Amino acid sequence: MDEEALYQPIKDALNKVFSAFGECYLEISKKGISEKFKKELDNFAIFYIRIDRQYPDIAGFLQTKNAKEFITVEVKKRVSKMEDIFQAKRYAEVFNATYGFLICQSIDEEVKRFLKERPLICSRSRGNQIIIAQFEESSKNIHIIKELYSPILPKPFGSPPQVYYFVSREHPRVVVKGEKAYWMFEKMDRLVTEGKLLFEFVKLSDKETYKDWLKKNGLKEMEWREPTNEELEDP
């Protein structure tokens, strides 16, 4: 199957994944984007596509209860050079995509090793990262290349923890997974730096402590320890 023949089955597979989170709209955009999708884009993205006339292979958005999250997809039969990563990253940045994908049928071992040693290459300005995955033609499924993301799979293929930095006199920071809040030490700080964990600043009132915030949000504090790899991988 040539590269263009992969567009429709990959689009269908992503639609199946994202439909569990909200209303998903995707289109094959290799040769241009529709007027419907154009209406959703900001002026910066419109400027780029008018000037450069370059488009991701697949593009669209996920409409949830709270937000519209953009999706870009670059499709390759084989990822064999770093330019493939940067191309996918460029489209994700231009479209301000929450989900920027590079989906292939195979990826060279040298590229995988390079990315494992330099994970920041896949990091994005939004704090997200490029999601590199393989498309399995027989099952029509998309599989995240886990060795590039262990111990945390990126959304929507996993349930990544959320890191909260509290703006207060104590300046604590916690990582929340499910209904549990863990302390942050070196490992978690590194994952934030590598773009593998989303983070958010929380401003507390003068009389409020981070423990008050945890209680208000129904979170149980797991004091003095970070989550284990098994806890991070748990969906």
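Of note:
- For the criterion of being more than 21 Å from N141 (Cα to Cα) and more than 19 Å from the chain's Cα centre (by Cα), D108 fails.
- Members of the range 109-139 that are in a helix (DSSP H, G or I), touching a strand residue (DSSP E or B) at 6+ places or on another chain (Cβ under 8 Å) and free of Cβ contacts under 8 Å to residues at least 60 places away in the same chain: V111, L115
- The lone criterion from (1) hydroxyl-bearing (S, T, Y); (2) surrounded by 14 or more Cβ atoms within 10 Å (Cβ to Cβ); (3) not in a helix (DSSP H, G or I) left unmet by S106 is number (2).
- Filtering E226, E208 for residues that are modelled with pLDDT of 85 or more, touching a helix residue (DSSP H, G or I) at 6+ places or on another chain (Cβ under 8 Å) and part of a loop (DSSP other than H, G, I, E, B) leaves a single hit, E226.
- Picking from residues in the range 93-105 that are closer than 17 Å to I145 by Cβ and of a type outside the set (S, T, N, Q), the one that is farthest from the chain's Cα centre (by Cα) is C104.
- Test: residue in the range 103-123 that is under 23 Å from L62 (Cα atoms) and either assigned by TED's automatic domain parsing to the domain that holds T193 or touching an Asp or Glu at 6+ places or on another chain (Cβ under 6 Å) (or both): no
- Annotation: of all residues in the range 42-58 being of a type in the set (F, W, Y) and surrounded by 15 or more Cβ atoms within 10 Å (Cβ to Cβ), the one that is nearest to I103 (Cα to Cα) is Y55.
- Residue list for the range 1-41, filter: surrounded by fewer than 11 Cβ atoms within 10 Å (Cβ to Cβ), farther than 17 Å from V73 by Cβ and not basic (K, R): A20, E35
- Residues that are modelled with pLDDT under 95 and of a type in the set (V, I, T) were ranked within the range 51-66; the one that is nearest to A92 (Cα to Cα) is I51.
- If the condition is being of a type outside the set (A, V, I, L, M), surrounded by 15 or more Cβ atoms within 10 Å (Cβ to Cβ) and under 24 Å from the mean Cα position of the chain (by Cα), then the range 195-235 contributes G195, K196, F199, E226, P227, E231, E233.
- Yes/no for A97 being closer than 29 Å to D52 by Cα, at pLDDT 90 or above, assigned to a loop (DSSP other than H, G, I, E, B) and hydrophobic (A, V, I, L, M, F, W, C): yes
- When we screen I145, I152 for residues that are modelled with pLDDT of 85 or more and closer than 30 Å to V111 by Cα, the only hit is I145.
The values are calculated or read from the model by the stated rules, or taken from the named source; none is laboratory data. This is a predicted model, so every value here is computed, not measured. Virtual Cβ from ideal backbone geometry, glycine too; neighbours counted across all protein chains shown.
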